[in-house]
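Peer 1: One structure, as structure tokens, below. Some questions next.
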Amino acid sequence: MSTLIASRRYASALLSAAEEGNFLDTIVAELQVIKEVLEHSRDLVHALRSPLVKGDKKIHILEEVFRGSIGEKMFLFLKLVARKKRAGLLPEIIDEFQILLDEKRGVINVDVTSAVQLSDEQASELVSRLAAFTGKKIRPRMAVNEKLIGGVTVKIGDTIHDGSISHQLQMLRQTLVS
């Protein structure tokens, strides 16, 4: 079974259990803690992915690292994942959980790149127009790229809306050349 399929199954099961048990907010917060620890500890990720480290040892490692920072329900989930030899998939499970949660809540990630830093007013206006355009809540990731000369590019999923001056100049150049 591919890692994506397995990660999605565990994430889906955790999301369903958290919704049914009315402890979704707690799980989201605890997953954020786990994600931050995993992002800052390559050794921990390597230990969890290593076939040389047995499942019981992985459970012990997880217990030592996360004792006091996560609740009992999350620890039961971590033990299950470790017992099923999927502890190495924790980063992917967390990512899939966030994707499923965003789908459920109607949130999409949008990459906005502008030639200059947008003011707070401009950014909020752009986000509200994108929300109206997509019909979903927007989680913007703002970036600046001076090579755009002016304007913005917006990436929503696989679609790029390019309103930059550099793109317009490229289009004009292609038109004149052909």
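Peer 1: In the range 113-137, which residues are β-branched (V, I, T) and either part of a helix (DSSP H, G or I) or closer than 30 Å to F77 by Cβ (or both)? Steps first, please.
Peer 2: Pass one, the range 113-137, residues β-branched (V, I, T): 113, 116, 127, 134.
V127, T134, listed by residue number.
Peer 1: Please state which of the following conditions K104 fails to meet, knowing it meets all the rest: (1) within 28 Å of S12 (Cα to Cα); (2) surrounded by 12 or more Cβ atoms within 10 Å (Cβ to Cβ).
Peer 2: (2)
Peer 1: Taking the stated definitions as given, is L14 under 17 Å from E96 (Cα atoms) and buried (at least 17 other Cβ atoms within 10 Å of the Cβ)? Outline the logic, then answer.
Peer 2: Values: under 17 Å from E96 (Cα atoms): yes; buried (at least 17 other Cβ atoms within 10 Å of the Cβ): yes.
Taking the combined requirement at face value, the residue satisfies it.
Peer 1: Based on this model, can you work out whether S164 counts as touching a residue at least 40 places away in the same chain (Cβ under 8 Å), touching a helix residue (DSSP H, G or I) at 6+ places or on another chain (Cβ under 8 Å), surrounded by 16 or more Cβ atoms within 10 Å (Cβ to Cβ) and among the small types (G, A, S)?
Peer 2: Working: touching a residue at least 40 places away in the same chain (Cβ under 8 Å): yes; touching a helix residue (DSSP H, G or I) at 6+ places or on another chain (Cβ under 8 Å): yes; surrounded by 16 or more Cβ atoms within 10 Å (Cβ to Cβ): yes; among the small types (G, A, S): yes.
For S164, the condition - touching a residue at least 40 places away in the same chain (Cβ under 8 Å), touching a helix residue (DSSP H, G or I) at 6+ places or on another chain (Cβ under 8 Å), surrounded by 16 or more Cβ atoms within 10 Å (Cβ to Cβ) and among the small types (G, A, S) - is met.
Peer 1: Exactly one condition in (1) touching a residue at least 24 places away in the same chain (Cβ under 8 Å); (2) surrounded by 12 or more Cβ atoms within 10 Å (Cβ to Cβ); (3) outside the structural domain of L31 (by TED's automatic domain parsing) is false for E146; which is it?
Peer 2: (2)
Peer 1: So in the range 134-178, with the set limited to residues that are among the basic types (K, R) and modelled with pLDDT of 95 or more, which one is nearest to Q117 (Cα to Cα)? Walk me through it before giving the result.
Peer 2: First, pick out the residues of the range 134-178 that are among the basic types (K, R): 136-137, 139, 141, 147, 155, 173.
After this cut, where a residue has to be modelled with pLDDT of 95 or more as well, the list is 136-137, 139, 141, 155.
On the way: K136: 24, K137: 22, R139: 17, R141: 12, K155: 17 Å.
Top of the filtered list is R141.
Peer 1: Which one of Q98, Q122 is polar (S, T, N, Q), under 30 Å from L24 (Cα atoms) and surrounded by 13 or more Cβ atoms within 10 Å (Cβ to Cβ)? Spell out how you get there, then give the answer.
Peer 2: On the way: Q122 fails: under 30 Å from L24 (Cα atoms).
Just one listed residue meets the conditions, Q98.
Peer 1: Restricting the first residue to the range 115-141 and requiring it to be without any contact (Cβ under 8 Å) to a residue 24 or more places away in the chain, which pairs with a second residue that is of a type in the set (K, R) meet a Cβ separation below 7 Å and a spacing of at least six or different chains?
Peer 2: Listed pairs, sorted by first residue: A131/K137.
Peer 1: What number of residues in the range 125-138 are surrounded by 12 or more Cβ atoms within 10 Å (Cβ to Cβ) and either under 22 Å from the mean Cα position of the chain (by Cα) or among the hydrophobic types (A, V, I, L, M, F, W, C) (or both)?
Peer 2: Of the residues in that region, 9 qualify.
The values are calculated or read from the model by the stated rules, or taken from the named source; none is laboratory data. It should be emphasised that the depicted structure is a prediction, and the values quoted were computed from it without experimental measurement. Neighbour counts run over all protein chains shown; Cβ positions are idealised from the backbone, glycine included.
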